[in-house]
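To start, the structure itself, in structure tokens.
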Amino acid sequence: MDYKKAVENIRRILKEYVQNAGLKSLVVGQSGGIDSALCTVLAKPVCDELGIQLISRSITIVTNKPEEFQRANEIGKYFAHNHKYIDLSDAFHSLEKMVMEDFENEEHTSFDYRLRLGNVKARTRMIYLYELASKHKGMVLSTDNYTELLLGFWTLHGDVGDYGMIQSLWKMEVYGMAKYLASQMENKAASEALLACVAATPTDGLGITNSDLDQIGVSSYAEVDEILQKIELGETAGLETNKVFIRNRNSEFKRHNPYNIPRNFIVE
């Protein structure tokens, strides 16, 4: 990929969209990971040029780690106009008891329970970010990439935003673009803040597993991208029992959400 050209294209298209929509701000949930960091770095010059706010929030809910906050706050400091750290743990604890059916009798250490609980956390963050976007007449940026899309590695109605700058990039391209942008920065501290996110262990911060790769069941995102690219090309022979293949197949419904029965199917 020609990262210079790709970055220029992303920023040009974002600028046109923001202008046409009459938006007054962009909002991003800052996780301390590479995806949200890259989206913030990509959006900042556009917001500067248009004179609108880039609003960044590092939101903790129980299971986030101190090093994640540190990376998130560094990205917010160097690349956002309005950055804050927000703790929604109390709100989440109140909510989980009300929305997790049969909460008192659940096995709270099981993977299934932690996964469901992680979805509640993601949707709690979503409520905060969308309220913020509404207040500032803006939209929430999506920080998902193409690899996550094909894996179904996101929470429906949770950590999906309104506008995806990197939704069509493979995870390894996300890393590559971030490294390119870091290499172009005159501010060494800002460059190091972005590179720290590149080097970080990828995690959703939801406490389901220790890392994204643990949850997916692979050793690297390079491995994931290679398998998914084979699937995209229809080269699936021998992959029937592969964890990535199974996850891609089983999450198909998420990529077509909501599914609406076509009118002609109903009336004919």
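I'd like the full set of residues that are of a type in the set (Val, Ile, Thr), in a helix (DSSP H, G or I) and within 19 Å of Leu194 (Cα to Cα), limited to region 1-41. Show your work before the answer.
Taking region 1-41 as the starting set, the residues that turn out to be of a type in the set (Val, Ile, Thr) are 7, 10, 13, 18, 27-28, 34, 40-41.
Right, trim to in a helix (DSSP H, G or I) and you get 7, 10, 13, 18, 34, 40-41.
Hits for region 1-41 are Val7, Ile10, Ile34, Thr40, Val41.
Select from region 214-268 the residues that are under 21 Å from the mean Cα position of the chain (by Cα) and in a loop (DSSP other than H, G, I, E, B) and write down the one among them that is surrounded by the fewest Cβ atoms within 10 Å (Cβ to Cβ). If we take residues in region 214-268 being under 21 Å from the mean Cα position of the chain (by Cα) and in a loop (DSSP other than H, G, I, E, B), then Pro258 is surrounded by the fewest Cβ atoms within 10 Å (Cβ to Cβ).
Within region 161-176, track down each residue that is outside any helix (DSSP H, G or I) and buried (at least 20 other Cβ atoms within 10 Å of the Cβ).
From region 161-176, those outside any helix (DSSP H, G or I) are 161-170; that's our starting set.
Within region 161-176, Gly161, Met165, Ile166, Leu169, Trp170 qualify.
Exactly one residue among Ala182, Ala133 is under 15 Å from Ala37 (Cα atoms) and in a helix (DSSP H, G or I), and that residue is Ala182. Condition (residue is over 25 Å from Glu232 (Cα atoms) and in a helix (DSSP H, G or I)) applied to region 198-209: is it met by at least one residue? Yes: one or more hits.
The residues listed here are Lys97, Lys77, Lys44, Lys84; of these, the one that is without any contact (Cβ under 8 Å) to a residue 12 or more places away in the chain and outside any loop (DSSP other than H, G, I, E, B) is Lys97. Against the list (1) outside any loop (DSSP other than H, G, I, E, B); (2) at pLDDT below 95; (3) charged (D, E, K, R), the condition Glu192 fails is (2).
For beta carbons closer than 8 Å, sequence separation of 6+ or different chains, a first residue in region 178-206 that is aromatic (Phe, Trp, Tyr) and a second that is in a helix (DSSP H, G or I) and buried (at least 16 other Cβ atoms within 10 Å of the Cβ), the qualifying pairs are Tyr180/Tyr3; Tyr180/Val7.
The values are calculated or read from the model by the stated rules, or taken from the named source; none is laboratory data. This is a predicted model, so every value here is computed, not measured. Here the Cβ is made from the backbone with ideal geometry for all residues, glycine too, and neighbour counts use every protein chain on show.
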